[in-house]
1. How do 160-172, 92-104 rank on mean C-beta neighbours within 10 Å, highest first?
2. Given a Förster distance of 22 Å, report the FRET efficiency between residue 216 and residue 32 from their Cβ-Cβ distance, rounded to the nearest 0.05.
3. Could you tell me how many degrees, from 0 to 90 and to the nearest 10, lie between the Cα long axis of helix 127-138 and the main elongation axis, the longest principal axis, of the Cα atoms of the chain?
4. Give me the number: length gained by fully extending residue 167 to residue 59, i.e. 0.36 nm times residue separation minus the C-alpha to C-alpha distance, one decimal in nm.
5. Before anything else, pin down the relative contact order of the chain: Cα pairs under 8 Å, at least 6 apart, normalised by residue count, whole percent.
6. With a ≥ b ≥ c the root eigenvalues of the C-alpha gyration tensor of the stretch 127-227, is it rounded (a/c under 1.5), prolate (a/b larger than b/c) or oblate?
7. Could you point to the label whose value was computed as Rg and Dmax of the Cα atoms in Å for the structure here, given (i) 16.6, 51; (ii) 18.9, 61; (iii) 22.6, 80?
8. I'd like the FRET efficiency for residue 81 and residue 52, computed as 1/(1 + (r/R0)^6) with the beta carbon distance as r and R0 of 45 Å, rounded to 0.05.
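Since every read-out is calculated from the coordinates, none of them should be taken as a lab result. If you're wondering where the values come from, they're calculated on a predicted model, not measured in any experiment. Positions of Cβ are backbone-derived with ideal geometry, glycine not excepted, and every protein chain shown enters the neighbour counts.
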């Protein structure tokens, strides 16, 4: 599998006019924030959940510290479908009231941008789960983008500060939240794992598949930002 040549920096010349990709912001040579990069009619857009404010689609997006991997949820070059996906993302951002939390239960967004719950919980998520829920809603087959049962909360301690932030946000917005349900679906998918998912196109993508190349992706990301 060719990894390095399929990881693209936004600043690279000759980007195709129409495609979508999984994207991550790079800080200190590591993926730290997940997004969906949309290029439509040669213009750049970033769909993401910043965490400290509500989701947004940023237009005319340029940031040399983002790296991309084209995603085949929608085939590259299909201008009409990519334009439709961009409108779908805008509808999601118009309606979403997501609160930051390490929670993934298979919920997704429908084509009207409405959050379709899989459990008796409010709309919760991280930057990664917001993107995964978006991509799951875009799949024409009734599959998840990722096989969520493969992940658990074992890596949350790697993001201890964000976990503390998430709990403070949840308690502030939902003081009566049933913590037992939250803990049942408490899990973390890292931005690096999310970026690596772009190399696979049989859905749902399994963690064991991602594990086969994740260290190679990490190494190649660092090589692109080591200068």
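1. Working: 160-172: 14.0, 92-104: 20.8.
Sorting 160-172, 92-104 by mean packing, highest first, produces 92-104, 160-172.
2. It comes out at approximately 0.70.
3. 80
4. On the way: separation 108, 0.36 × 108 = 38.88 nm, distance 3.09 nm.
Between residue 167 and residue 59, full extension yields an extra 35.8 nm.
5. Numbers: 416 pairs, mean separation 50.5, N = 227.
Result for the chain is 22 percent.
6. Working: a/c = 2.18, a/b = 1.36, b/c = 1.60.
Because a/c hits 1.5 or more and a/b fails to exceed b/c, the stretch 127-227 counts as oblate.
7. Given (i) 16.6, 51; (ii) 18.9, 61; (iii) 22.6, 80, the calculated one carries the label (i).
8. Details: r = 32 Å, r/R0 = 0.71.
With a Förster radius of 45 Å, E is 0.90.
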